[in-house]
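A short worksheet on the structure shown next.
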Amino acid sequence: METLIIIGIAIVALIIFLIFFPIGIWFQALISGVHTSLVQLVFMRFRKVPPSVIVNNLISASKAGLKLNQNELEAHYLAGGRVGSVVNALISADKANMNLDFKTATAIDLAGRDVLKAVQTSVNPKVIDTPPVAAVAKDGIQLIAKARVTVRTNIKQLVGGAGEETILARVGEGIVTSIGSATSHKQVLENPDSISKLVLTKGLDSGTAFEILSIDIADIDVGKNIGAQLQMDQANADKNIAQAKAEERRAMAVAQEQEMKARAQEARAHVIEAEAEVPRAMAEAFRNGNLGIMDYYRMKNIQADTEMRESISRPATAPKTGKPTDK
């Protein structure tokens, strides 16, 4: 019974020892030529740094001929960096004869950039396809162009440099400027390489994390006749304005006509009112002796004579019998 207890205690002690003392990792580093002590590996666990991550990357760097500091790798891991990506990037840069040191690689990684992908892109340039860019030539014809931009990563400007979005925006702006300065859309269709040559001379990769190697126009399509469309829109706008002004003048004429009719009716009302006062004035004149009976008859005779002359001067009208009159 005592023997079993001793054996159990020994097994538990061995398990605890293996947990805190990574013998396997230490032995792996030893036979790989990476010098590190078992105590340092134990202290890594207390610093919450996985010993396997540090040791494996030290072994990879050592086999590739690089000498890296264990403490620097631990510091980069504690800072939130990706140790494996940095080490692989340093190995790739060394094989490609690129001047990339550990400090620059860790700075790129901590800046949020993929340092391994940046090294690969610097060695093997990649192609970026721009979205369709629409521009209008001076003759009013719209052209829709697509370009392929070949870029290479600029390691020195990777930290703080602009990304692919800036490259695409600048290339699109250059395409619009080039097409817009062309006299005719036929000129652009005949020489599409003139667009890429003009865009390349503008230094669009300034301040970016990439170096533009070439800009190739992949496709150009003819769009709408923007000039004619604008003229049609302007003509429609002018027509609507003219119609509005004509309607305004017509409304003013109708208003003036209504006003004149109202004034004429008002004048007729005043005449009728004045004619109604005539009998009263004559009666008053009879009562006051200002008008005699002979004067009255003389006035009636004059009125009758006037009415007779007016009836004679009027043209003869046919009787309303529906039959033609004899001439």
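The table for this structure:
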{"quantity": "Residue within segment 168-182 that is in a strand (DSSP E or B), surrounded by fewer than 18 Cβ atoms within 10 Å (Cβ to Cβ) and not small (G, A, S) present", "calculated": "no"}
{"quantity": "Hits in segment 183-195 - residues which are in a helix (DSSP H, G or I) and more than 24 Å from the chain's Cα centre (by Cα)", "calculated": "H185, K186, Q187, V188, L189, E190, D193, S194"}
{"quantity": "Matching residues in segment 93-122 - criterion: being touching a strand residue (DSSP E or B) at 6+ places or on another chain (Cβ under 9 Å) and surrounded by 15 or more Cβ atoms within 10 Å (Cβ to Cβ)", "calculated": "A118, V119, Q120, T121, S122"}
{"quantity": "Residue count for segment 252-294, restricted to those that are open to solvent by less than 80 Å² (accessible area, probe 1.4 Å) and not in a helix (DSSP H, G or I)", "calculated": "3"}
{"quantity": "Close pairs from segment 263-289: first under 21 Å from K300 (Cα atoms) and of a type in the set (F, W, Y), partner outside any helix (DSSP H, G or I) and open to solvent by less than 80 Å² (accessible area, probe 1.4 Å), Cβ under 6 Å, at least 6 apart", "calculated": "none"}
{"quantity": "Qualifying position, being open to solvent by 50 Å² or more (accessible area, probe 1.4 Å) and outside any helix (DSSP H, G or I), among D238, D216", "calculated": "D216"}
{"quantity": "In segment 123-135, residue farthest from V53 (Cα to Cα) [restricted to those that are within 29 Å of the chain's Cα centre (by Cα) and open to solvent by 60 Å² or more (accessible area, probe 1.4 Å)]", "calculated": "P132"}
{"quantity": "Criterion violated by V222 - all others in (1) more than 30 Å from P192 (Cα to Cα); (2) open to solvent by 60 Å² or more (accessible area, probe 1.4 Å); (3) modelled with pLDDT of 80 or more satisfied", "calculated": "(1)"}
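The values are calculated or read from the model by the stated rules, or taken from the named source; none is laboratory data. Only a predicted model underlies this, so the values are computations on that prediction, with no experimental measurement involved. Using ideal geometry, Cβ is built from the backbone for each residue, glycine included, and neighbour counts are taken over all protein chains shown. These area figures cover heavy atoms from the full protein model, side chains too; ligands, DNA and RNA do not enter into them. Shrake-Rupley method; radii C 1.70, N 1.55, O 1.52, S 1.80 Å.
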